[in-house]
Amino acid sequence: MASLSLSLSTPTTPTSLSFGSSSIFFSSHQFHTHNNSFKSNSFPVLPSKKPLSISCKASPPLPVLNFSGERVGESFLDLRSAPPDTARAVVHRAVVTDLQNKRRGTASTLTRGEVRGGGRKPFPQKKTGRARRGSNRTPLRPGGGVIFGPKPRDWSIKINRKEKRLAISTAVASAAASAVVVEDFAAEFAEKPKTKEFIAAMKRWGLDPKEKAMFLMTEVPENVRLSSRNIGTLKMHTPRTLNLYDILDADKLVLTQGAVDYLNQRYGGDYQGSDDEDEEEEEEGYEEGEEEGVVDGEEGPDAGDSDVVN
């Protein structure tokens, strides 16, 4: 009788997990089956789980462009990033945490005991020729209760601050291949906002207005915000509103020199911040997001209703 035996092999080239334009490379073990003779107790020995570790690797030089699209220099991102064998799990956990914490958990249905009415027996038990019925609010009838329907609950989950910070730095480091650094262009829109000029500048920087792009600036002036708010594929962020989902969802990442300095300082290998600073930054970022209508990457007055999953 022919049977199967399992053998463990490691691929020579790493595979990658892509979310948008950002790719996180990792090595995986694959199982292959062969029609050989079966040997009892000949099972593959799985490698033991490695502890979470951090590596610091400088990204390739990023071109620095002026408002006219001319290259005027180079910049570097020196960020901590998780090693390939743990990057996927770290980023996935942080993304799931962000998306699940957005859920309001307000969906609610009524059971047959909570629906109004149904206290009187609709017709006698016998001598009608019909199936017996004890209430008009049974889940089997229209207008009745709901079986195993949702009830209000808290969907929020927690993640370690260091782990979340590592996930963001890993995502930014993986997106550095499609990133570009631009000089501060707030002075170009000092007089009045102009969306047409902003789109023309994006094209000079090599950005397609139809592709998703994320701008990270230390401060977004009012005229710059008004000039870009009608571009549906563009997200404007400051360090306070920076989130993992928009980093991974963007096809292009545009940074100012101030944003590069902030990333190197906040997510670099030499960062020695405390948990109190992280907590204070998260609270200030949430308050700023509420004022601007942006909370965890959702924009506009209707963002809270359109993207909420109960």
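Here are the numbers for the structure shown:
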{"quantity": "Members of the stretch 60-95 that are among the acidic types (Asp, Glu) and exposed (fewer than 14 other Cβ atoms within 10 Å of the Cβ)", "calculated": "GLU70, GLU74"}
{"quantity": "Scan of the stretch 166-190 for residues that are open to solvent by 20 Å² or more (accessible area, probe 1.4 Å) and touching a residue at least 12 places away in the same chain (Cβ under 8 Å), ordered by number", "calculated": "ALA173, SER174, ALA177, SER178, GLU183, ASP184, ALA186, GLU188, ALA190"}
{"quantity": "Among (1) open to solvent by 70 Å² or more (accessible area, probe 1.4 Å); (2) part of a helix (DSSP H, G or I); (3) not aromatic (Phe, Trp, Tyr), the one test that ASP98 misses", "calculated": "(1)"}
{"quantity": "Residue list for the stretch 200-225, restricted to those being open to solvent by less than 10 Å² (accessible area, probe 1.4 Å) and among the small types (Gly, Ala, Ser)", "calculated": "ALA201, ALA213"}
{"quantity": "Scan of the stretch 240-263 for residues that are outside any helix (DSSP H, G or I) and either surrounded by 19 or more Cβ atoms within 10 Å (Cβ to Cβ) or acidic (Asp, Glu) (or both), ordered by number", "calculated": "THR241, LEU242, ASN243, ALA250, ASP251, LYS252, LEU253, VAL254, LEU255, THR256"}
{"quantity": "Residue tally, condition under 15 Å from TRP155 (Cα atoms) and touching a Leu at 6+ places or on another chain (Cβ under 9 Å), over the stretch 81-96", "calculated": "2"}
{"quantity": "In the stretch 199-249, the residues that are touching a residue at least 60 places away in the same chain (Cβ under 8 Å) and of a type in the set (Gly, Ala, Ser)", "calculated": "ALA201, GLY206"}
{"quantity": "Which listed residue, of ARG153, ARG132, is among the basic types (Lys, Arg), out of contact with any Cys (no Cβ under 6 Å at 6 or more places or on another chain) and either touching a residue at least 12 places away in the same chain (Cβ under 8 Å) or in a helix (DSSP H, G or I) (or both)", "calculated": "ARG153"}
{"quantity": "Residue check, ARG103 surrounded by 15 or more Cβ atoms within 10 Å (Cβ to Cβ) and either touching a residue at least 40 places away in the same chain (Cβ under 8 Å) or in contact with a strand residue (DSSP E or B) (Cβ under 8 Å, 6 or more places away or on another chain) (or both)", "calculated": "yes"}
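The values are calculated or read from the model by the stated rules, or taken from the named source; none is laboratory data. The model shown is predicted, which means the values in this text are computed figures rather than measured ones. Glycine gets a Cβ as well: all are built from the backbone with ideal geometry, and neighbour counts include every protein chain shown. Accessible surface areas use protein heavy atoms only, side chains included; no ligands, DNA or RNA. Shrake-Rupley method; radii C 1.70, N 1.55, O 1.52, S 1.80 Å.
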